[in-house]
Amino acid sequence: MRPVIPYLTAAFLFGLGVYGVLRRRNAVLVLMAVELMLNAVNLVLVTADTTARAVLPHGGQVFALFVIVLAAAEIGVGLAIVLQLYRMRASVAVDEVPLAEPPAPVLAAGPGARAATAHGGVGVDGPGTDAGAADRTEESR
Amino acid sequence: MTGADVLLLALGAVAVGAGVLVVATKHLVRAGLYLVVCLGALAGDYLVLTAELVAWVQVLIYVGAVVVLLLFAVMLTRAPIGASDDLDRPGWPAALIGGGAGLGLAVLLVDAFRWSRVELPAAGTAERLGEQVFRAWVLPFEVLSVLLLAALVGAIVLSRPDIGRRPDATSGGPDRNAATPAPGAVAGAVDEGGRG
């Protein structure tokens with residue numbers, strides 16, 4: 001068995017995974033590319049188990065099993081995050097996720113928080129006075 | 001070139017080709033199905049490399065569970081059935097970094113192993129791997145069970161919006177209405193607020 005063949009497969013799969021993570025916009029496709037990278041690492045571990053003679057036999061295969069378990073946990077939590085993102089934004093495009101939080105006091109401003117948040121997000125007025133105005137509006141209705 | 005080499009080459013070509021299709025296709029569901037082909041070819045690789053138990057665990061967990069979960073996520077996020085054009089970002093940096101990582105690793109590994117030859121060891125059956133897992137690696141094994149429990153709890157907390165909300169934030173954070181407000185409504189609210 002020539003170990004260079006599975007090693008080359010693993011190297012190309014890892015490169016494809018990196019490319020997919022950076023290229024894709026859909027969060028589910030990003031998770032699929034992450035799976036490609038994890039599988040490349042698994043292939044390296046299993047191949048190294050056949051080529052290297054360690055003190056403990058089959059250490060590479062045991063590590064591959066551990067990585068599979070980690071990948072299962074990762075995909076569970078990742079999909080929970082993706083579905084929550086879809087519920088909040090109706091979109092799973094990763095480059096449309098806002099990285100900056102809206103101003104915190106506006107968010108906690110009571111019943112008028114929704115309109116005040118939107119207004120503060122546009123940035124027309126100062127958020128502090130705006131929250132109070134929208135709050136009074138809701139009460140007068 | 002022995003039979004194992006030919007098998008490894010063929011399965012590796014299938015895996016890399018299916019991987020290319022996973023990251024290049026424009027159909028969301030087909031990406032998941034190509035992922036099945038890629039992971040199945042890798043399971044065949046593991047079989048040739050005498051890792052029996054890892055191969056069957058790969059088929060069970062990856063092909064059986066992870067891909068099904070991914071397809072569920074594709075369906076739950078209302079993916080379009082046909083081809084969609086907005087799946088990709090402009091990809092020169094991605095191609096540069098991904099190709100650099102792949103080719104760099106390939107050059108490194110080819111330089112390390114050349115065309116050397118090793119004999120395949122005894123097969124990694126469930127008996128041998130079980131001995132190792134429950135003797136030498138039993139502490140990481142138990143830690144992994146705790147990690148699985150933590151991931152379970154974390155996924156439940158994430159997917160239930162009524163857990164962990166602050167009591168004063170009644171609107172529950174930025175939702176769809178807050179993301180895309182109607183401009184007329186906001187202006188009207190501010191006007192009325194000024195009058196009141």
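The values are calculated or read from the model by the stated rules, or taken from the named source; none is laboratory data. Note that the structure is predicted; figures quoted are calculated from it, not measured. FYI the Cβ positions are ideal-geometry reconstructions off the backbone, even for glycines, and counts take in every protein chain you see. Accessible surface is based on the protein model in full, side chains and every heavy atom, while ligands, DNA and RNA are left aside. Shrake-Rupley method; radii C 1.70, N 1.55, O 1.52, S 1.80 Å.
Just the residues that are assigned to a helix (DSSP H, G or I) and open to solvent by 40 Å² or more (accessible area, probe 1.4 Å), please, taken from region A:49-68. Before you say what the answer is, go through the steps one by one.
Going residue by residue through region A:49-68, those that are assigned to a helix (DSSP H, G or I) are A:49-51, A:59-68.
Hit for region A:49-68 is A:Phe63, nothing else.
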Among the residues of region B:89-109, what is the count of those that are at pLDDT below 90 and assigned by TED's automatic domain parsing to the domain that holds B:Lys26? 0
Within region B:95-112, is there a residue that is touching a residue at least 24 places away in the same chain (Cβ under 8 Å), farther than 26 Å from A:Gly20 by Cα and loosely packed, with under 13 Cβ neighbours inside 10 Å? no
Pairs, first free of Cβ contacts under 8 Å to residues at least 24 places away in the same chain in region B:137-161, second not in a helix (DSSP H, G or I), C-beta under 6 Å, six or more apart: B:Val157/B:Ile163
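Out of B:Val59, B:Val63, B:Val23, which single residue is closer than 16 Å to A:Leu16 by Cβ and under 17 Å from the mean Cα position of the chain (by Cα)? So that I can check it myself, show each step before the final result.
On the way: B:Val59 fails: closer than 16 Å to A:Leu16 by Cβ; B:Val63 fails: closer than 16 Å to A:Leu16 by Cβ.
After ruling out the rest, the residue left standing is B:Val23.
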Residues that are within 7 Å of another protein chain (Cβ to nearest Cβ) and at pLDDT below 85: which helices (runs of 4 or more DSSP H) entirely in region B:110-196 hold 3 or more of them? B:176-179, B:183-195
The one condition in (1) modelled with pLDDT of 90 or more; (2) basic (Lys, Arg); (3) open to solvent by 10 Å² or more (accessible area, probe 1.4 Å) that A:Arg24 fails to fulfil: (3)
Check B:Gly40 against each of (1) within 15 Å of the chain's Cα centre (by Cα); (2) modelled with pLDDT under 95 and name the one condition it does not meet. (2)
Is it the case that region B:75-93 has a residue that's of a type outside the set (Asp, Glu) and in contact (Cβ under 8 Å) with a residue 60 or more places away in the chain? yes
So which residues in region A:22-31 are facing another protein chain (nearest Cβ under 7 Å) and in contact with a strand residue (DSSP E or B) (Cβ under 8 Å, 6 or more places away or on another chain), if there are any at all? A:Arg23, A:Arg24, A:Arg25, A:Asn26
Given the conditions (1) more than 7 Å from chain B (Cβ to nearest Cβ); (2) open to solvent by 30 Å² or more (accessible area, probe 1.4 Å), every one holds for A:Tyr19 apart from (1)
Please pick out the residue among A:Val46, A:Val106, A:Val82 that is more than 15 Å from the chain's Cα centre (by Cα), surrounded by 17 or more Cβ atoms within 10 Å (Cβ to Cβ) and modelled with pLDDT of 50 or more. A:Val46
Can A:Val92 be described as open to solvent by 30 Å² or more (accessible area, probe 1.4 Å), under 26 Å from B:Val157 (Cα atoms), in contact with a helix residue (DSSP H, G or I) (Cβ under 6 Å, 6 or more places away or on another chain) and facing chain B (nearest Cβ under 7 Å)? no
It is to be established whether one or more residues within region B:64-84 are in a helix (DSSP H, G or I), at pLDDT 90 or above and within 19 Å of A:Ile5 (Cβ to Cβ). no
From the set of residues in region B:68-94 that are of a type in the set (Asp, Glu) and at the interface with chain A (Cβ under 7 Å from one of its Cβ atoms), which is least open to solvent (accessible area, probe 1.4 Å)? B:Asp88
For region B:24-56, what are the residues that are among the aliphatic types (A, V, I, L, M), open to solvent by 10 Å² or more (accessible area, probe 1.4 Å) and touching a Leu at 6+ places or on another chain (Cβ under 6 Å)? B:Val48, B:Leu53
